[in-house]
Amino acid sequence: MKYRTLILLLVGIVALGQGAGSGKVLLPHPSWNCGMPEGIPNPESGTLIFEAQMKLERVADVGKTPFGNRQVAVAQDGVVSGAKLSGTISPGALDFELKLSNGVVEIEEILVLKTNDGKYIYTRSAGTGADSNDVRVVMDFEAPNAGDFAWLNSGKYVARRVLNAAAKTLTLRVYDVSGVTVASGANNVVRIGKPAGVPEQQWDYRKKDPAEKQGAELITETVTLSPSQSVGASKRGNRNIIPITGGELTGRISGKVLPGGADYQNLSPPATIDARYLWQTSDGEVIIVRNGGPFGGLVPTFEVRTDSSYAWLNKGSYLSSNPGMKPGGVGITMYDSTR
């Protein structure tokens, strides 16, 4: 019996070591600082606050884009469990993974948590790793200011991200690292580098220049939506989320809007839209879409495979109409930008 116990103990230690990653601090690249430019500590050095286990609806291999090799995971649903927070992950959560030629990984994740007492919490977070074996995501929460989870709006939180594309699962183990001392010195730090000459992906959406005008029509899309998920007043304003469930597009590009993503709008004046979602063209190409800005100043940007027939989308400048009401959703027309 004592040998069996010893074997189980050793197996547990090995498993912990494999999941814990490097004990060193990750120093992110300045262009993708993840909210912790001073360094991201090992998540497991903090206190576990919850675990999110998601089933994935799809893992889309977009291919090589101007920024690197892009993959997007779309969650079907998920479960959150922890001593201080439990609930579900709303369908349509997005995990954008960028892998550079030197092995570096950059992550952007957009999730909506629904607590067991019916409150919504929005998180748009950034992560990185020197390789796929040690990816750390700095979690940024927007919880209701007046609710029981307002403590998430402050503090420091880092997640261990584990994506299994074959099994279509994504797990986040989120740790409070507020009390962790970030080590310094070359022996304690892994510095994230990037290949020379590669464009850096942007965190913010492009802003419309006052001289820009709508030119030739690009596409018209009809987007179907689920009911709103209101976070309410939080640290960045009045956040409201409208999930995207599908749709159709016609024009210079034909195809469909894939389920997943949402309009993560901020209703505090001036109200702004920040819609993140995916198109699939009629010939099967996956295109990442972001349409953001104030009403009257919406700017769509696109990311697609550089050797596809739609690669021109990566370099162009475009404008968007405001959303107009349609049965079950909204209608949007996008245009070339002219001056």
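The values are calculated or read from the model by the stated rules, or taken from the named source; none is laboratory data. Everything numeric here is computed off the predicted structure, so don't read it as measured data. Positions of Cβ are backbone-derived with ideal geometry, glycine not excepted, and every protein chain shown enters the neighbour counts.
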Matching residues in segment 254-281 (in a strand (DSSP E or B), in contact (Cβ under 8 Å) with a residue 60 or more places away in the chain and in contact with a Phe, Trp or Tyr (Cβ under 8 Å, 6 or more places away or on another chain)) number 4
Is there any pair with a first residue in segment 134-158 that is in the same structural domain as Leu48 (by TED's automatic domain parsing) and among the hydroxyl-bearing types (Ser, Thr, Tyr) and a second that is crowded, with 22+ Cβ neighbours inside 10 Å and assigned to a loop (DSSP other than H, G, I, E, B) whose Cβ atoms are under 9 Å apart and which are 6 or more apart or on different chains, and what are they? Tyr157/Met139; Tyr157/Val177
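Considering only residues that are among the acidic types (Asp, Glu) and either assigned by TED's automatic domain parsing to the domain that holds Pro37 or within 23 Å of Ala130 (Cα to Cα) (or both), look in segment 174-208 and name the one that is farthest from the chain's Cα centre (by Cα). Quick ask: steps written out before the conclusion?
Of the residues in segment 174-208, the ones among the acidic types (Asp, Glu) are 176, 200, 204.
From the residues that got through so far, the ones that are either assigned by TED's automatic domain parsing to the domain that holds Pro37 or within 23 Å of Ala130 (Cα to Cα) (or both) too are 176, 200.
Details: Asp176: 20, Glu200: 16 Å.
Only one residue fits best here, namely Asp176.
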With respect to Val80, determine if the residue is over 19 Å from Ala126 (Cα atoms), surrounded by 20 or more Cβ atoms within 10 Å (Cβ to Cβ) and either at pLDDT below 95 or in the same structural domain as Ala167 (by TED's automatic domain parsing) (or both). yes
Might you check whether a residue that is under 22 Å from Val59 (Cα atoms), more than 21 Å from the chain's Cα centre (by Cα) and at pLDDT 95 or above occurs anywhere in segment 228-246? no
Output for segment 282-339, where each listed residue is surrounded by fewer than 13 Cβ atoms within 10 Å (Cβ to Cβ) and in a helix (DSSP H, G or I): Trp312
Would you please list the contacts, defined by Cβ atoms under 8 Å and residues six or more apart or on different chains, that run from a residue in segment 222-239 that is within 11 Å of Asp263 (Cα to Cα) to a residue that is at pLDDT below 95 and assigned to a loop (DSSP other than H, G, I, E, B)? Leu225/Gly328
